[in-house]
1. Of the residues that sit in region A:52-79 and are part of a loop (DSSP other than H, G, I, E, B) and touching a Ser or Thr at 6+ places or on another chain (Cβ under 9 Å), which one is most open to solvent (accessible area, probe 1.4 Å)?
2. Could we say that residue B:54 is more than 11 Å from every other protein chain (Cβ to nearest Cβ) and either free of Cβ contacts under 8 Å to residues at least 24 places away in the same chain or closer than 26 Å to residue A:9 by Cβ (or both) here?
3. Confirm whether residue B:85 is open to solvent by 70 Å² or more (accessible area, probe 1.4 Å), closer than 29 Å to residue A:107 by Cα and either of a type in the set (Phe, Trp, Tyr) or in contact with a strand residue (DSSP E or B) (Cβ under 9 Å, 6 or more places away or on another chain) (or both).
4. Taking region B:16-30 only, how many residues are assigned to a loop (DSSP other than H, G, I, E, B) and surrounded by 14 or more Cβ atoms within 10 Å (Cβ to Cβ)?
5. Give me the residue from region A:27-51 that is over 14 Å from the mean Cα position of the chain (by Cα) and surrounded by fewer than 21 Cβ atoms within 10 Å (Cβ to Cβ) and, out of that set, farthest from residue B:34 (Cα to Cα).
6. If you take the residues in region A:1-26 that are within 12 Å of the chain's Cα centre (by Cα) and in a loop (DSSP other than H, G, I, E, B), which one is farthest from residue A:106 (Cα to Cα)?
Amino acid sequence: ETGVTQSPTHLIKTRGQQVTLRCSSQSGHNTVSWYQQALGQGPQFIFQYYREEENGRGNFPPRFSGLQFPNYSSELNVNALELDDSALYLCASSSGPQETQYFGPGTRLLVL
Amino acid sequence: DQQVKQNSPSLSVQEGRISILNCDYTNSMFDYFLWYKKYPAEGPTFLISISSIKDKNEDGRFTVFLNKSAKHLSLHIVPSQPGDSAVYFCAASGGTGNQFYFGTGTSLTVIP
């Protein structure tokens, strides 16, 4: 059974650019949630996808958008990057919207 | 507005002794609580969970206690081992929405 994987592991972008992060969910899971973890903070919920539809969103602006594919993998897109977007982005998959979430290793994004 | 709080940023414990990590929450609608462990450069790993219908859940060396009236939960690790040294996050969910709310983490160091 394969766990949650994320790509890339690290990324450096400049302000104003756009970025796409990818996540493959654990086998048998149909729900993916994305989190942003700033240094010294806990993960902050960005949004959740369940069966290819957005199923809840945290307090993040519309320039954070996502997608879930028929195989339940997911993408997080961030447009018009800002310095404060520098963080660890975590993807978690689960067998349902309110079930235990299992995290990938994260993508560390640095915006210069 | 931090709905889940871990007021101790760090904790040091001797190997073999008990580690007690604490977590407080403010939202009375939360009905599912989890603890995650995080090593550097890895995503959070699920440890143990508890539903609000219980006040205790045990899994090997790990026990989670829930005090709903005090809106408090704790994780007990006994006996503590050097490999337990990591950052521990508590998380909660429930009520409207599907997001998990995380605390800011407690860094546990188990001294050999």
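1. A:71
2. In short, yes.
3. Numbers: open to solvent by 70 Å² or more (accessible area, probe 1.4 Å): no; closer than 29 Å to residue A:107 by Cα: yes; either of a type in the set (Phe, Trp, Tyr) or in contact with a strand residue (DSSP E or B) (Cβ under 9 Å, 6 or more places away or on another chain) (or both): yes.
Considered against the rule, which asks whether it is open to solvent by 70 Å² or more (accessible area, probe 1.4 Å), closer than 29 Å to residue A:107 by Cα and either of a type in the set (Phe, Trp, Tyr) or in contact with a strand residue (DSSP E or B) (Cβ under 9 Å, 6 or more places away or on another chain) (or both), residue B:85 comes out as no.
4. Filtering region B:16-30 down to residues assigned to a loop (DSSP other than H, G, I, E, B) leaves B:16-18, B:26-29.
Filter again for surrounded by 14 or more Cβ atoms within 10 Å (Cβ to Cβ), leaving B:27.
Counting residues in region B:16-30 that are assigned to a loop (DSSP other than H, G, I, E, B) and surrounded by 14 or more Cβ atoms within 10 Å (Cβ to Cβ) gives 1.
5. Within region A:27-51, the match that is farthest from residue B:34 (Cα to Cα) is A:51.
6. A:25
The values are calculated or read from the model by the stated rules, or taken from the named source; none is laboratory data. Note that the structure is predicted; figures quoted are calculated from it, not measured. Virtual Cβ from ideal backbone geometry, glycine too; neighbours counted across all protein chains shown. Just the protein is used for accessible areas: all its heavy atoms, side chains included, with ligands, DNA and RNA removed. Shrake-Rupley method; radii C 1.70, N 1.55, O 1.52, S 1.80 Å.
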